[in-house]
1. Give the residue, chosen from Ser99, Ser121, Ser92, that is hydroxyl-bearing (Ser, Thr, Tyr), open to solvent by less than 50 Å² (accessible area, probe 1.4 Å) and closer than 30 Å to Phe149 by Cβ.
2. Taking segment 66-76, which residues are touching a helix residue (DSSP H, G or I) at 6+ places or on another chain (Cβ under 8 Å) and outside any strand (DSSP E or B)?
3. Can Val104 be described as open to solvent by less than 80 Å² (accessible area, probe 1.4 Å) and touching a Phe, Trp or Tyr at 6+ places or on another chain (Cβ under 7 Å)?
4. What's the number of the only condition in (1) within 20 Å of Gly98 (Cα to Cα); (2) within 20 Å of the chain's Cα centre (by Cα) that Asp140 fails to meet?
5. In segment 66-76, how many residues are surrounded by 13 or more Cβ atoms within 10 Å (Cβ to Cβ) and among the aliphatic types (A, V, I, L, M)?
6. Hey, Arg142 hits all of (1) without any contact (Cβ under 8 Å) to a residue 24 or more places away in the chain; (2) closer than 20 Å to Ser15 by Cβ; (3) basic (Lys, Arg) but one; which does it fall short on?
7. Within segment 77-86, can one find any residue that is in contact with a Ser or Thr (Cβ under 9 Å, 6 or more places away or on another chain), surrounded by 16 or more Cβ atoms within 10 Å (Cβ to Cβ), assigned to a helix (DSSP H, G or I) and not polar (S, T, N, Q)?
8. Return the pair list, or none, for Cβ contacts closer than 7 Å from residues in segment 80-102 that are modelled with pLDDT under 90 to residues that are open to solvent by less than 60 Å² (accessible area, probe 1.4 Å), at least 6 apart or on different chains.
Amino acid sequence: LPAVTQLFTEPYMVSFLLDNSLGAWWAARHLSPADCAAATSEEDLRNKAAIPGVPLEYLRFVQEADAAGTTRWAPAAGTFSAWPEHLADFKSLDPCCGSGHFLVAAFLMLVPMRMALEGLSAKDAVDAVLRQNIHGLELDERCVELAAFALALAAWTYPDAGGYRVLPELHVACSGLSSGS
């Protein structure tokens, strides 16, 4: 497939969306002004912002000039200044979560971020992300079950997170039932 076509197929599109939202937030808070001024390419910045498990390979940067005319790099999507400063306060909601592909991708990005930011163990970060960050809605009850299982499987198989165990309550719900059901 041509490169542009590949971008709009799974899993590239999910990675692109997450890298240029959550990844841009991460980069804006973890790259220093000196990093952004001295970088010679987007690849330099992606490498500096990346952490184990979160390569940010689709994160895009643009060069901007400040009032003094000095050029520096910044995330192309912006810096998300209105987002919470701490990931414990960050909430993601997939309003059409289907079988949970986007939820799992966000989970796999948030766990290493919380480990790096908060010094959490893998097990504690997995639990924190499930309790505080990941939310999904779906019209089809069967898809909700698949999404919950996909998240649980990602949590159980996350390295050093404790394997199969009781997990915090998952925030995945069916919005397709009438109020009388």
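1. Working: Ser99 fails: open to solvent by less than 50 Å² (accessible area, probe 1.4 Å); Ser121 fails: open to solvent by less than 50 Å² (accessible area, probe 1.4 Å).
Going through Ser99, Ser121, Ser92 in turn, the sole match is Ser92.
2. Those that are touching a helix residue (DSSP H, G or I) at 6+ places or on another chain (Cβ under 8 Å) and outside any strand (DSSP E or B): Thr70, Ala76.
3. Numbers: open to solvent by less than 80 Å² (accessible area, probe 1.4 Å): yes; touching a Phe, Trp or Tyr at 6+ places or on another chain (Cβ under 7 Å): no.
Criteria not met by Val104.
4. Among (1) within 20 Å of Gly98 (Cα to Cα); (2) within 20 Å of the chain's Cα centre (by Cα), the lone unmet condition for Asp140 is (2).
5. Quick first cut of segment 66-76, residues surrounded by 13 or more Cβ atoms within 10 Å (Cβ to Cβ) only: 72-76.
Still in the running and among the aliphatic types (A, V, I, L, M): 74, 76.
Within segment 66-76, residues that are surrounded by 13 or more Cβ atoms within 10 Å (Cβ to Cβ) and among the aliphatic types (A, V, I, L, M) number 2.
6. Condition (2) is where Arg142 drops out.
7. no
8. If the second residue must be open to solvent by less than 60 Å² (accessible area, probe 1.4 Å), the pairs left are Phe80/Ala24; Phe80/Trp25; Phe80/Ala28; Trp83/Trp25; Trp83/Phe90.
The values are calculated or read from the model by the stated rules, or taken from the named source; none is laboratory data. Everything quoted here is computed from the prediction, not taken from an experiment. All Cβ positions, glycine included, derive from the backbone under ideal geometry; neighbour counts span all protein chains shown. Just so you know, the surface numbers come from the protein's heavy atoms only, side chains and all, with ligands and any DNA or RNA stripped out. Shrake-Rupley method; radii C 1.70, N 1.55, O 1.52, S 1.80 Å.
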